[in-house]
Every structure is written in structure tokens, then in C-alpha cells.
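Data first, discussion second: the structure below is written as C-alpha cells.
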Amino acid sequence: MYARRYRWVILPPGKVNLTETERRPTVIHDAPVDRPQGTQSPAGATRATGQRSARLPRDERRAQLLNAAQEVFVANGYHGAAMDEIAETAHVSKPVLYQHFPSKRELYLALLDSHLGVLTDLMMGALNSTTDNKERVQAVMRAYYRFIDSDDQAHRLVFESDLINDPDVSSRLETFNKTFADAIAHVIAEDTKLPHLEAQLLGRALAGMAQVSARYWLETDGNLDIDVASDLIYRLAWRGISRFPKET
């Protein structure tokens, strides 16, 4: 590759009309400019530096954006979070972010749906893991605590968001709470033969016990062992529920 240098012709004073030859600069060819193999020109370097993120399959990109959004939402709250910061955290441009999530609200609701889906599956799995009711109570408490322990950001986003009074958010939380409590109530009703409403009340109480106690445990910053904590709540719950008479 050759570097070119241009030498412009300086005209005598008063000469305005140029011939075609005089209009063109004189080109001086220097020796080739050697660049080490693999190096880029400044323009190429700029393009490489400007690349924010490699192209990913849609599902992988969506997961990447949701992880970045969770980090920003937990740190700043819903109202304090900005799409600019979410895009920057995910190392993508804002247009890429908006291709997947047209608004911050839709992004938050997608995160909420994902976490509530995981938590619902965990709770139902624990309830169905055995037919022994004592073991069921223990499994449910442990599963809830494990969910928080594995991803405390997810729990904070679901249950401590500043958007919790929003109708779409509160309806999703109520759907989760009802599903969880109804599943517990069904087991209680079968075992104790209590009326449906009474069994539902107990189901809500047990679900609330798991949520409130686990949230407090999270604030202990690891000073209370997770197995000790979940076992304490399981024993409290079982000693209460097991006292209800069964129909003979």
C-alpha cells in the first residue's frame, strides 16, 4: 500500500483561470507503508470499537436483556431505572433493547412473569413430592427458602418492588398467592375434612408464613443457617396444622 502526498501548485498573483492540468494537485508517490499483518486501519479500528455485542439467538438475547434489567431494577427500583442504563448494562444499543421489549413496563412484567413461574413450579413440585403431609410442609418451606437463597434479587424484584401497587403487578402476585394457597388448602381439606373456606384460610396463613419468614431470613445476611431457619418454620407450621382433627 502506498501513501500519497499532494503538492499544490502556487499560482503567480493575479492568475485566476486555471488550466485542467493546473487544477489537479501534483501527486507524489512515496514508498509503501508497511503495516503488521492483522492490524486495522483507523476506520476499521473505530468500527471494531463501536461494536457493542455479538449477534445472539433471540432467546439468548432475551435472557441477557432480562438479566441486565433485573440488575438495574433491583439497584434503582422500577421508577429509578432507565432503559439507557439497562441497554448499557446488557452491552447492547437501545434499538436492540426496544426490539425485544417496547417499553420499560413490558420488560418489568416479563421479568415478573418469569420469576413467578419459577417459584410456582418450585412450590407445586414440593407439594407433590410426597404424600406424607409432614414431609410436604418441610419440602415447601425448604423450597421457598432455597428460591430466595439462589437468587435474592429475584425475590426482591417480585415482593419488594416500588411497582407493587400497579394493577398488572398486583394481579400477578395475587394469582401466584392464590395458586399456592389453594394447593395447600386442597391438601389440608383432604387431610382434615375442614370446610373449603377454612382450609383456604389456613393455606393462605401457611403461604404467608413462608414468605414473611423467608424475607426476614434474607435480612440476616447469612448469620442464620438456611436449613436451621427453614426447619424452624416447618416445625412451627406442622405443629399447628397437625393439631386439626381428622374425620374418622
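The values are calculated or read from the model by the stated rules, or taken from the named source; none is laboratory data. Because the structure is a prediction, the values reported are computed rather than measured. Backbone-built Cβ (ideal geometry, glycine too); neighbour counts: all protein chains shown. Calculation scope for accessible area: heavy atoms of the full protein, side chains included, ligands and nucleic acids excluded. Shrake-Rupley method; radii C 1.70, N 1.55, O 1.52, S 1.80 Å.
Cα centroid separation, the stretch 98-114 to the stretch 180-200: 35 Å. In loop segments of the stretch 172-248 as defined by DSSP, the GluC sites (Glu not before Pro) with at most 11 further C-beta atoms inside 10 Å of their C-beta are GLU247.
With 10 Å bins beginning at zero, the pair-distance distribution over Cα atoms of the stretch 116-168 amounts to 24, 42, 26, 8 %. Under the combined filter of DSSP loop state and at most 12 neighbouring Cβ atoms within 10 Å, the stretch 78-172 retains these GluC sites (Glu not before Pro): GLU160.
Residue order by solvent-accessible surface for LEU65, LEU109, LEU201 is LEU201, LEU109, LEU65, largest first, with ligands and nucleic acids left out and a 1.4 Å probe. Measuring nothing but how far apart in sequence close Cα pairs (under 8 Å, 6+ apart) lie, relative to its length, the stretch 111-248 scores a relative contact order of 29 percent. Per residue, the accessible area of the stretch 202-246 comes to 60 Å² when a 1.4 Å probe rolls over the protein heavy atoms.
Once a ≥ b ≥ c are taken as the square roots of the eigenvalues of the Cα gyration tensor of the stretch 133-248, is the result rounded (a/c under 1.5), prolate (a/b larger than b/c) or oblate (a/b not larger than b/c)? The shape class here is oblate. Ligands, DNA and RNA aside, ARG215 has an accessible area near 90 Å² when probed at 1.4 Å.
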